[in-house]
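> If you scroll down you'll find the structure; I have some questions about it.
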Amino acid sequence: MSAPLSSFTQKSTPHALALFRIVTGLLFACHGAASLFGVLGGAMGTGHAVPAGSWPGWYAAVIQLAGGLLVLLGLGTRAAAFISSGSMAYAYFTMHQPHALWPLQNGGEAAAMFCWAFLLIVFTGPGAWALDRLFFGTQEQRPAPLAEREPSAA
C-alpha cells in the first residue's frame, strides 16, 4: 500500500468505525422499536407489537432497542455490544439454526450478521464521536505497533 493511502486509512479508521457503530446501532434499535411498538412494519413484518413480557420476543426487543441506542450513541458501547451480540447468538441458535444449517436456508442472516457486527464492535471499540468521551472524558489508547514498542527486559 502506498504511504499516502496508508496514512489516509489510518487517520480515517476511527471515523469509519464510528459510522459502522452508528449504522449498526440504528438498524438494531429499529428492530427493537418495531417489535415493541408495532412501528416500521411491526414485529417480523406483522404490523403488531410483541406481547409485553412474552419470552423471548419481548425481552429480545428490549435488548435490541436499548442496546441499539446505546451502541448508536456510543454510551457503554462495548458492554451494550457484548450483550447485543450474545442475544443475537441466542436468537440464531434457538430460533433459526434448528430449521437448517446455513443462515440463507434458515432465515437467520440478520441474526448472524448482527451477532458478528456487535462482536467486532466489542473488540474495536466505538471509534470516533462516542458520547462516552464527551461525558466521561475517556480516550481509548491503542497499543503502539510492535515495531515501535520498546523491547521488554526478560
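> Would you mind calculating the relative contact order of the chain from Cα pairs under 8 angstrom and at least 6 residues apart, reporting the percent as a whole number?
24 percent
> Now a separate question. With charges set only on the Cβ (+1 for Lys and Arg, -1 for Asp and Glu), what does the dipole of the chain come to about its Cα centre, in debye to the nearest 20?
Its charge dipole is roughly 120 debye.
> Here is a further query. What is the helix-to-structure angle for 77-91, meaning the angle in degrees between its Cα long axis and the longest Cα principal axis of the chain, kept from 0 to 90 and rounded to the nearest 10?
In the chain, helix 77-91 runs at an angle near 40 degrees to the longest axis.
> Give me the Debye-computed log₁₀ of I(q)/I(0) at q = 0.16 Å⁻¹ for the chain, equal point scatterers on Cα only, no solvent, two decimals.
Summing over Cα pairs of the chain leads to -0.91.
> Given a 1.4 angstrom probe, what's the average accessible area per residue across region 1-41, in square angstrom?
Accessible surface, normalised per residue, equals 60 Å².
> Here's a follow-up. Region 55-126: Rg/Rh from Cα coordinates, Kirkwood Rh?
1.00
> Among THR94, CYS115, LEU40, flag the residue with its Cα farthest along the positive direction of the charge dipole of the chain, charges on Cβ as +1 for Lys/Arg and -1 for Asp/Glu.
Checking the options against the dipole of the chain, the answer is LEU40.
> For region 1-148, with all protein chains present and a 1.4 Å probe, just round the carbon and sulfur fraction of the accessible area to a whole percent.
Ligands and nucleic acids excluded, carbon and sulfur reach 74 percent.
> Let me ask something else. Enter the accessible area of HIS48 (Å², nearest 10), with the probe set to 1.4 Å and all protein chains included.
Its accessible surface works out to 120 Å², give or take rounding.
The values are calculated or read from the model by the stated rules, or taken from the named source; none is laboratory data. All values derive from a computational prediction rather than experimental measurement. Positions of Cβ are backbone-derived with ideal geometry, glycine not excepted, and every protein chain shown enters the neighbour counts. When the accessible area is computed, the model is the full protein with side chains, heavy atoms only, and any ligands, DNA or RNA have been set aside. Shrake-Rupley method; radii C 1.70, N 1.55, O 1.52, S 1.80 Å.
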